[in-house]
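Presented below is the structure to which this report refers.
The values are calculated or read from the model by the stated rules, or taken from the named source; none is laboratory data. For clarity, every value in this text was computed on a predicted model and none was experimentally measured. Glycine gets a Cβ as well: all are built from the backbone with ideal geometry, and neighbour counts include every protein chain shown.
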Amino acid sequence: MNITESYFLKALSNYPKDIEKVIENLNQSLSSDYRHAPSLCLMGKVFAQEIKDYSLAEHYFKKALKADFNYAETHINYIKLLLIYGNLDLIDKQIEISKQVVGVNLCELYLVKAKALEMNRHFNEAIQNIEYSLTLSCTDEIDKELEEFKKRILRKMKTNLLTTNNDEISLYRWSKTYSY
């Protein structure tokens, strides 16, 4: 193990409980090897999840992808950042690229895609992605989370259907009231 990896492991062991130590160790790691993909990825994750500086997080994720495209952890974290931006097209492109990387968590990829579809009110497609994610899941804990997510989307679909029907009923009543 070299100095870069040693500082990275120190940062990782402190994440997320002591962000100051995490950043200090990541800076040490990156000062000895500025292209260390795991350190760049963790730095992006810190900026995305803890500091909420999404542009800087994106910068670190892109640097990590350039440094080592096959580091699977960067792909999923970058896609989660894209979810914050809400750009479904960009998320779809990145997911298709990420599927080719050995070791990437496909279950998690489809879960993030389902969340993006939910945000854009494509509920049926979201359900399909959850179903596919369920087939890839390997733990009961993840299965339960996916089932709860599926229930929530089904509730939204039902609410959306009722809202749509109410809008149509209201429009019908309005047209009867104000017809010539």
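Details
- Selection status of PHE8, assigned by TED's automatic domain parsing to the domain that holds LEU81, in contact with an Asp or Glu (Cβ under 6 Å, 6 or more places away or on another chain) and among the aromatic types (Phe, Trp, Tyr): no
- For SER137: the one exception among (1) surrounded by 12 or more Cβ atoms within 10 Å (Cβ to Cβ); (2) at pLDDT 95 or above: (2)
- Filter result for the condition that a residue is out of contact with any Pro (no Cβ under 6 Å at 6 or more places or on another chain), within 21 Å of LEU136 (Cβ to Cβ) and either in a helix (DSSP H, G or I) or without any contact (Cβ under 8 Å) to a residue 40 or more places away in the chain (or both), over VAL102, VAL22, VAL46: VAL102
- Residues of the range 112-153 that are in contact (Cβ under 8 Å) with a residue 12 or more places away in the chain, within 22 Å of ASN77 (Cα to Cα) and in a loop (DSSP other than H, G, I, E, B): ASN120, SER137, CYS138.
- Identity of the residue in the range 41-58, within 15 Å of ASN27 (Cα to Cα) and not charged (D, E, K, R), that ends up surrounded by the fewest Cβ atoms within 10 Å (Cβ to Cβ): LEU56
- Residues in the range 16-40 that are surrounded by fewer than 17 Cβ atoms within 10 Å (Cβ to Cβ) and touching a Ser or Thr at 6+ places or on another chain (Cβ under 8 Å): SER32 only.
Each row is one residue, and each column tells you yes or no for (1) outside any helix (DSSP H, G or I); (2) outside the structural domain of PHE149 (by TED's automatic domain parsing); (3) buried (at least 21 other Cβ atoms within 10 Å of the Cβ).
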{"position": "LYS63", "(1), (2), (3)": "no, yes, no"}
{"position": "LYS66", "(1), (2), (3)": "no, yes, no"}
{"position": "GLU73", "(1), (2), (3)": "no, yes, no"}
{"position": "LYS80", "(1), (2), (3)": "no, yes, no"}
{"position": "LEU83", "(1), (2), (3)": "no, yes, no"}
{"position": "ILE91", "(1), (2), (3)": "no, yes, yes"}
{"position": "TYR110", "(1), (2), (3)": "no, no, yes"}
